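Okay, structure first, notes after.
The values are calculated or read from the model by the stated rules, or taken from the named source; none is laboratory data. If you're wondering where the values come from, they're calculated on a predicted model, not measured in any experiment. Reconstructed Cβ throughout: ideal geometry from the backbone, glycine too, with neighbour counts over all protein chains shown.
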Amino acid sequence: MSVPADVPEVKRMAVTGNEAVALAMKQIEPDVVAAYPITPQTDIVQYFSSFVADGLVQTEFIRVESEHSAMSAVVGAAASGVRAMTATSANGLALMWEVLYIAASTRLPIVMPVVNRALSGPINIHCDHSDSMGARDSGWIQLYSENAQEAYDNIIQAVRIAEHPDVLLPVMVCLDGFIISHALENIEALSDATVRRFIGEWVPAASLLDVDRPITVGPLDLYDYYFEHKRQQAEAMMRAGKVIEEVAEEFAAISGRHYGFLEEYRMDDAAIAVIVLGSTAGTAKVAVDSLRKSGIKAGLIKLRTFRPFPAGELRRALAGVKAVAIMDRADSFSAMGGPVFAEVRSALYEADHRPPCFNFIYGLGGRDVGLEDIIEVYTYLQQAEEDPEGLVTVHYLGVRE
Amino acid sequence: MATLRELTALPEALSPGHRLCAGCGASIIVRQVLKAAGNTPVVVACATGCLEVTTTIYPYTAWRCSFIHNAFENVAATIGGVETAYRVLKKKGKIKEDIKFIAFGGDGGTFDIGFQSLSGTMERGHNILYVCYDNEAYMNTGIQRSSATPKGASTTTSPAGKVVPGKPEHRKDLTAIMAAHNIPYVAQASPSHWRDLIRKAENGLSVDGPAFLNVLSPCPRGWPSETDKTIEIARLAVETNYWPLFEVEDGKWRLTYKPRKKVPLEDWLRMQGRFRHLFKPENAAVLEELKAFVDAQWRALLERCGEQE
């Protein structure tokens, strides 16, 4: 096992994405974890089982019989005023679907790593974003990670974001299946004490277990109040932006690593830009560097938060751009492009300058995306920059037609 | 066990003013079960269903204890999560009080859609009492058949029609299935035999580990029956051997009540509209099958309990 038993001080270590996630969870040491194994999340559950078996955490681990029960038990635990976590992928997330919405509307600060995997069918175990994209409107905050370090950092920040009194929403931390979860990378881990200090104690406003102040959770809520509660939920998501920024700032102070809603890579004078989520950003950065060497003004935007959607930041980042390609690792089957594309294009509607937008759906079911694929996208944008007439809006990249 | 006078003096966690139908068995069962907790605080969880929708219409709640409703099929996993949180806080010294954990589900949330969640929670050994108020169909959505509906009963999805005389299948024996989980305590009870029911709830709450109670819950709206006959119907279900009272403690089966003289099943069936068609001559065979099934189940139970006819 390459997850260390303890991290007394900041430490560089070579770990897989799943090991980085497991380490973050161990350092957070939630009171309750309820989880069910599913590829490619499995290692996380196995590592956590070892932590419990070896007495490295005080966490009570509920080895549930399904993901539906995992999320249900986590909701019960979180409503009891403790920190509760789970982790899943693909069909596991789909099985949780119903309870995802309940967790969010009950305003429970649950943190859940989602190891992105293509959602059935056909059944497939490899990476795409169809699982978490399907849950994009469940009321969870969604953070996407480029690599193991970001997955680790996002999970630790997620605890603070979720539990902030202005937010009180569950957070999904997404990391690409296999590409991040199973690849070995160097990360810099914070010390156990630093993480504990950063997350602090969780003191809920109310709990099922406060016998002197009993509460009713999950009542029937009809047309006279349901709408107000949904409005409050929407407000919480709007407020989450500010909290995400504040937490990132505090996190930078303890780690030296800076996070925002999005990362701009060589965007200062970019004429053409690509927008991606997750591990593809690494490949795209290499593509940008290579294009820049040939004098092409290419830039990249990596979205870290998808919920709440950083529309204002995107408009600002794209203000000087002549053409944009939005890459979607999931289709929405709307017959007008993928989910990231729809959101970005909608955000640009209010922009003073609206560059032409193109959608590239790619990498479904783990189809590899290489440097040459990304270069192809930029090449298309160059064409668009010169003469956008008659171009196709939605593309499927790297597929046999 | 406390005397009736002592029981009536105990605080009621379910307050009056909830919106269950007149004559509903569920609220009677809930009150009897909660009496068993005495003065120990309880957290109640409910599956989606009649009991939940009628007791927690926001901004009101009929529950004086803490209460959680999550969804239809996950009350067992949910109360398991609550109980686990309690164990952690107890371990860390953050909670001093003893708290009991009780889940209520109808037969829909228990026998059918919530069956997996229930089975998993029982197998994992959570220290909870799960109570099924079994009214033998999905009453909350308008009287549809469940796997707890007896053969021949007319429901809105197994109507007594010209060709099919009510539900074609016999009911599932969930109490036995729960006993097969080898949990510390399983019992079947009826609100008509309140002393027996409260004692069983006490047993369920006192064992270390999961306990399951299956309680027959007459439904005047769905069976349909007279609202003032609920307890009488529940008693006849016991006296006809349709709903035997027994318990399984550490694997040992025991009859807790044996009718002195079996009352004919027809007496119970006649009090309920859902069986009316069974008395037509053309459905005589169905009636006989139902009776034979009840008798066979009774004999099998006697054998398990080591009792003679």
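Structure summary
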quantity	calculated
Test for A:ALA273: is it part of a helix (DSSP H, G or I), out of contact with any His (no Cβ under 7 Å at 6 or more places or on another chain) and of a type in the set (A, V, I, L, M)	no
The stretch A:45-95, residues that are of a type outside the set (A, V, I, L, M) and at the interface with chain B (Cβ under 8 Å from one of its Cβ atoms)	A:GLN58, A:THR59, A:GLU60, A:ARG63, A:GLU65, A:SER66, A:HIS68, A:SER69, A:SER72, A:GLY76, A:SER80, A:GLY81
The listed residue being assigned by TED's automatic domain parsing to the domain that holds A:ARG160 and closer than 16 Å to A:GLU19 by Cα, out of A:SER49, A:SER69	A:SER49
Criterion violated by B:ALA76 - all others in (1) assigned to a loop (DSSP other than H, G, I, E, B); (2) more than 7 Å from chain A (Cβ to nearest Cβ) satisfied	(1)
Residue satisfying condition, being in a loop (DSSP other than H, G, I, E, B) and either on the phi > 0 side of the Ramachandran plot or modelled with pLDDT of 95 or more (or both), within set A:SER290, A:SER346, A:SER332	A:SER332
Helices (runs of 4 or more DSSP H) within the stretch B:1-69 that include 2 or more residues within 22 Å of B:ARG195 (Cα to Cα)	B:4-9, B:25-35
Complete set of residues in the stretch A:11-65 that are under 20 Å from A:SER132 (Cα atoms) and among the aromatic types (Phe, Trp, Tyr)	A:TYR36
Subset of the stretch B:107-128 that is buried (at least 24 other Cβ atoms within 10 Å of the Cβ) and touching a Phe, Trp or Tyr at 6+ places or on another chain (Cβ under 6 Å) - its residue that is nearest to the other protein chains (Cβ to nearest Cβ)	B:ILE128
Matching entry among B:GLY38, B:GLY93 (being more than 9 Å from chain A (Cβ to nearest Cβ), surrounded by fewer than 21 Cβ atoms within 10 Å (Cβ to Cβ) and within 26 Å of A:ILE110 (Cα to Cα))	B:GLY93
One residue from B:LYS151, B:LYS172, B:LYS167 being within 30 Å of B:PHE246 (Cβ to Cβ), away from chain A (no Cβ under 14 Å) and either surrounded by 24 or more Cβ atoms within 10 Å (Cβ to Cβ) or of a type in the set (Asp, Glu) (or both)	B:LYS167
Residue match in the stretch B:174-184 (condition: more than 13 Å from the chain's Cα centre (by Cα), in contact (Cβ under 8 Å) with a residue 24 or more places away in the chain and in a strand (DSSP E or B))	no
Matching residues, the stretch A:243-261, being more than 23 Å from A:PRO109 (Cα to Cα) and either in contact with an Asp or Glu (Cβ under 6 Å, 6 or more places away or on another chain) or in contact (Cβ under 8 Å) with a residue 40 or more places away in the chain (or both)	A:SER255, A:ARG257
Positions within the stretch A:250-276 being under 30 Å from A:GLY200 (Cα atoms) and under 18 Å from the mean Cα position of the chain (by Cα), in sequence order	A:PHE251, A:ARG257, A:HIS258, A:TYR259, A:GLY260, A:PHE261, A:LEU262, A:GLU263
Matching entry among A:ASP176, A:ASP192, A:ASP221, A:ASP210 (being surrounded by fewer than 22 Cβ atoms within 10 Å (Cβ to Cβ), of a type in the set (Asp, Glu) and more than 14 Å from chain B (Cβ to nearest Cβ))	A:ASP192
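Listed here are the residues, each with its yes/no results for (1) in a loop (DSSP other than H, G, I, E, B); (2) charged (D, E, K, R); (3) modelled with pLDDT of 95 or more.
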position	(1), (2), (3)
A:PHE341	no, no, yes
A:GLU372	no, yes, yes
A:TYR378	no, no, yes
A:GLN383	no, no, no
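Table: residues versus (1) of a type in the set (Val, Ile, Thr); (2) over 17 Å from the mean Cα position of the chain (by Cα).
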| site | (1), (2) |
| --- | --- |
| A:VAL21 | yes, no |
| A:TYR47 | no, yes |
| A:VAL75 | yes, yes |
| A:ARG117 | no, no |
